[in-house]
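The values are calculated or read from the model by the stated rules, or taken from the named source; none is laboratory data. Owing to the predicted nature of the structure, the values given are computational and were not obtained by experimental measurement. Note that each Cβ is placed from the backbone with ideal geometry, even for glycine, and that neighbours are counted across all protein chains shown. Keep in mind that these areas ignore ligands, DNA and RNA; they rest on the heavy atoms of the full protein, side chains included. Shrake-Rupley method; radii C 1.70, N 1.55, O 1.52, S 1.80 Å.
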Amino acid sequence: MRSSTTIKQYMKDAWPVLIVLNLSILGTLGIGLKFYTPPIRVPIVLLLVCCFTLFINFSAFVLFLTEKILPKEQEFGKIIKRFRRGDSRMQNYVLPLDYVDENYEIRGRCMTYNPIGGDFYNFLKDKDGNYWMGIGDTSGHGYVAGLFSLMIMNQMSHLVHKFETPHEIIDQMLEHLEERTNTFPHIHRSLYATFLLMKADDKGNFLHSGIHPSLVLYKSKEDKTYVVNTDGKFLSTVMNSPLKKPKPSQSFKMDRDDILFCFTDGLFEQKNRSIGGYYGENLYKFLETTPKKNIRKLIDDLFSDVVKHTGGRIQDDMSLLVVRKF
C-alpha cells in the first residue's frame, strides 16, 4: 500500500481520535501557560510541546498501522503465499497429487488452520479401472485430527480393492473403527469425521455414500450448476443412530466437460469478522460465474477469494476436490 493511500486511510478512519488527542494537548498547554512561572523561556517550552505533540501523533499512526494495516494487507499476503507454495504438511506429504488421464481430470487443494489439520481428500484407481474419490473433515484441529484422517485414507486405499460399492466400504470403516476403539480404550469416542466416498467408471457413472456437504455439479451442455445431495453415515462409533436403516449408494451421471465440485464445510463457513457474513452464498455464485476452462486457476482464484473475504484470517480447515469428465 502506498504511503499517500495509507495516510488518507488513517485520516479517514482516525480523525475523531486525532481531534480529541490534539485538542487535549492544546488545552493542557493553554492551562499550563496560564499558570506558568518561567525558569525556562516560553519559546523553548513551545518547542518541547511541539516535539511531544509530534511524538504522540506518530505513535498513534504506528498503532494504526499495526492494528489496521497488518491484518488486512500483510497477513492476507502471507496466507496467499502459503497456499500457492503448498506450504502445508498435509498438502506436501500426505494428500495425493493431481491426476489427469483420458477420462478424468482430478485436482484437490487443502488449506489447514494448523500445519496438520483434519481435512483430507484421496483418489485412486482400483484393479478393475474404476476411479475412487473421497473427501472428509475430521473434527478438531492438529495432529490428533490429522492422524484420524490418515487412518481413514489408509482404510480407503485398502478397501476399494475388496468391495464394490461406497456404502459397503464405509460400513467396513465403521467396523474397523469400532474394533480399534475397543482395542485402545484411550481413543476418544467423540472424535468423528464427515466423509464422502465416490466411485466412478470411465463412462461417468458415479456412486456415492456418506454424510458430507452437498456437491455442486456443473453441466457443460446446459451451462448450469446443480446441487447433488449426500446421505449416509458419519465415521464415528457414537454418532450414527442405531435405528437408521442402511441405505444403498446414490448415483448421478457426468457427461463430457461436466465438472464436479466437492468441498468441506470450512470453505463456505469462513467468516468475515467485520461484517459478520459467511462465505457460503459467495461460493455458489463463484462456481456459477467463474471461467471453467482451467481448473487449477479456478481453484487458485477461489481460495484467493475466500482468503480475501476473511481478511487473511481463516477460522477452519478448508478443502476442495474438483473432477472434470473428458
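General observations
- Residue-span extension gain [VAL100 to GLU281] - 0.36 nm each, minus C-alpha spacing: 62.2 nm
- Ranking by accessible area, most exposed first, for ASP317, ASP265 with a 1.4 Å probe: ASP265, ASP317
- If R0 is 22 Å, the Cβ-Cβ spacing of ASN92 and ASP255 corresponds to a FRET efficiency of close to 0.05.
- Among the listed pairs LYS219/LYS293; LYS12/LYS271; LYS219/LYS308; LYS8/LYS285; LYS219/LYS325; LYS199/LYS219, those whose Cα-Cα separation exceeds 22 Å are LYS12/LYS271; LYS219/LYS308; LYS8/LYS285.
- Percent RCO, i.e. relative contact order, over the stretch 113-195, from Cα pairs under 8 Å lying at least 6 residues apart: 31
- Each of HIS176, HIS141, HIS208 has its accessible area taken with a 1.4 Å probe; listed largest first, they run HIS141, HIS176, HIS208.
- If the segment from GLU164 to ASN22 were pulled out straight at 0.36 nm per residue, it would be longer than the present Cα-Cα gap by 43.6 nm.
- Computed E for THR289/SER241 - FRET, C-beta separation, R0 30 angstrom, nearest 0.05: 0.15
- Low-density loop cleavage sites - trypsin sites (Lys or Arg not before Pro) in the stretch 225-326, where at most 12 other Cβ are within 10 Å (DSSP): LYS244, ARG256, ARG273, LYS293
- In order through the stretch 267-275: 3J(HN,Hα) via Karplus (6.51 cos²θ - 1.76 cosθ + 1.60), integer Hz, x for Gly, Pro: 6, 9, 9, 5, 10, 8, 5, 6, 9
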